[in-house]
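Trainee: First, the structure itself, so that you have it in front of you.
The values are calculated or read from the model by the stated rules, or taken from the named source; none is laboratory data. These numbers come from a predicted model, not from an experiment. Methodologically, a virtual Cβ is constructed for each residue, glycine included, from the backbone with ideal geometry; neighbour enumeration extends over all protein chains shown.
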């Protein structure tokens, strides 16, 4: 029987790590992810797991050590946020190109500058093209569930790519929620033992990991990574189906909320989806207007065709970005969704808004105004406030 508990998002990830008992965890503290290695270190000190914890001098070293451990054949994990992710930048690409199934717990925090310790998605979105699978959570329950699912995804022989499991800093990472934990034996059976086929410490096989690639080989490496990312689509859904059978909790590339008859839709990532759901219920109950939400769970690989189908019948769409891209008309999520809709010849009016940068609040009334704008756009066929910042002080 599942275990009812109250945990923060960081505690939930650390508890999942305890249940999985990986071989190696190198880590360096940075707000707001510091608690994850702290809790894991306590589990190790108390003899509850036998993970090898490696104290390093920086986040670059943390990912370097994780890459080395994974290449050697160990199940390796780490955690970071914001500028720690930026310091890992070089090694993120190394991990992905070496096809190492590392799982990284990323607690999203705004990148400097100016210095800010609160949530937005500039860290993970900055690394969106590094070759990592990216999975996002709305709640503590979701980050726990996503973390457990990350291992059979990353370690699948047809994928072998690293996975970022992302949650919003301080909002879910430190906020305490009711959560349903899975029994230890079920988690261990679901994740299984890691049995790498090729690894450096295999005495029966001579291999090189991360060699210099001259021009004749580099492009083929990237093509191989793309093929693995495409393979990950099917594996992500297969793992989610097995997870649903174990827990009853259903996951896919994204969640469709009140989209069965929606005329106006918001597309968003992360914890603010909960606020948007409250706005949807208020609008529908008071006005009867048909509003809905698509909450992106898997950003890499991006589910282009599925998103386009989900938005095929709406009149207007607002794509909400929690990170800047400084492009002409959109942020990272906006660029992906707009491209998917364009490719599908979608007829809906589309607008891109920025919200929550540096941890700024977004409220139910903010979302209500977004839906009002969508209704006007559908009538006038004119985008209202393209490239606007929700809640910006004038």
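Trainee: Can you tell me which of (1) more than 21 Å from residue 303 (Cβ to Cβ); (2) loosely packed, with under 14 Cβ neighbours inside 10 Å; (3) not assigned by TED's automatic domain parsing to the domain that holds residue 171 is the one residue 213 doesn't meet?
Mentor: (3)
Trainee: Quickly run through the stretch 103-112 and pick out the residues that are within 14 Å of the chain's Cα centre (by Cα) and either surrounded by fewer than 24 Cβ atoms within 10 Å (Cβ to Cβ) or assigned to a loop (DSSP other than H, G, I, E, B) (or both).
Mentor: The answer is 109, and nothing else.
Trainee: Just to verify a result, which residue in the stretch 319-337, among those that are surrounded by fewer than 19 Cβ atoms within 10 Å (Cβ to Cβ) and touching a strand residue (DSSP E or B) at 6+ places or on another chain (Cβ under 7 Å), is nearest to residue 389 (Cα to Cα)?
Mentor: Out of the qualifying residues, it is 324.
Trainee: Name, by its number, the condition in (1) touching a residue at least 60 places away in the same chain (Cβ under 8 Å); (2) surrounded by fewer than 24 Cβ atoms within 10 Å (Cβ to Cβ); (3) part of a helix (DSSP H, G or I); (4) within 20 Å of the chain's Cα centre (by Cα) that does not hold for residue 31.
Mentor: Among (1) touching a residue at least 60 places away in the same chain (Cβ under 8 Å); (2) surrounded by fewer than 24 Cβ atoms within 10 Å (Cβ to Cβ); (3) part of a helix (DSSP H, G or I); (4) within 20 Å of the chain's Cα centre (by Cα), the lone unmet condition for residue 31 is (3).
Trainee: What residue, among those in the stretch 154-170 that are touching a helix residue (DSSP H, G or I) at 6+ places or on another chain (Cβ under 8 Å) and surrounded by fewer than 23 Cβ atoms within 10 Å (Cβ to Cβ), is nearest to residue 34 (Cα to Cα)?
Mentor: Restricting to residues being touching a helix residue (DSSP H, G or I) at 6+ places or on another chain (Cβ under 8 Å) and surrounded by fewer than 23 Cβ atoms within 10 Å (Cβ to Cβ), the top hit is 170.
Trainee: If you don't mind, there's one more thing I want to ask. Run residue 57 past the list (1) touching a strand residue (DSSP E or B) at 6+ places or on another chain (Cβ under 8 Å); (2) under 20 Å from residue 102 (Cβ atoms); (3) part of a loop (DSSP other than H, G, I, E, B) and report the number of the one that doesn't hold.
Mentor: (1)
Trainee: Let me ask something else about it. Looking at residue 115, is it touching a helix residue (DSSP H, G or I) at 6+ places or on another chain (Cβ under 7 Å) and either outside any loop (DSSP other than H, G, I, E, B) or farther than 16 Å from residue 297 by Cβ (or both)?
Mentor: no
Trainee: Restrict the check to the stretch 13-20 and report whether at least one residue is without any contact (Cβ under 8 Å) to a residue 60 or more places away in the chain and not in a loop (DSSP other than H, G, I, E, B).
Mentor: yes
Trainee: Would the stretch 39-51 turn up any residue that is under 20 Å from residue 137 (Cα atoms) and either in contact (Cβ under 8 Å) with a residue 24 or more places away in the chain or buried (at least 19 other Cβ atoms within 10 Å of the Cβ) (or both)?
Mentor: Looking for residues that are under 20 Å from residue 137 (Cα atoms) and either in contact (Cβ under 8 Å) with a residue 24 or more places away in the chain or buried (at least 19 other Cβ atoms within 10 Å of the Cβ) (or both), one finds none in the stretch 39-51, hence no.
Residue-by-condition table, conditions (1) surrounded by 21 or more Cβ atoms within 10 Å (Cβ to Cβ); (2) without any contact (Cβ under 8 Å) to a residue 60 or more places away in the chain:
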site	(1), (2)
250	no, yes
278	no, no
290	no, yes
293	yes, yes
303	yes, no
317	yes, yes
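Trainee: Any residue in the stretch 361-369 that is in a loop (DSSP other than H, G, I, E, B) and more than 18 Å from residue 122 (Cα to Cα)?
Mentor: yes
Trainee: In the stretch 63-90, what residues are in contact with a helix residue (DSSP H, G or I) (Cβ under 6 Å, 6 or more places away or on another chain), surrounded by 22 or more Cβ atoms within 10 Å (Cβ to Cβ), assigned to a helix (DSSP H, G or I) and at negative phi?
Mentor: Once the filter is applied, which keeps residues that are in contact with a helix residue (DSSP H, G or I) (Cβ under 6 Å, 6 or more places away or on another chain), surrounded by 22 or more Cβ atoms within 10 Å (Cβ to Cβ), assigned to a helix (DSSP H, G or I) and at negative phi, the stretch 63-90 yields 63, 67, 84, 85.
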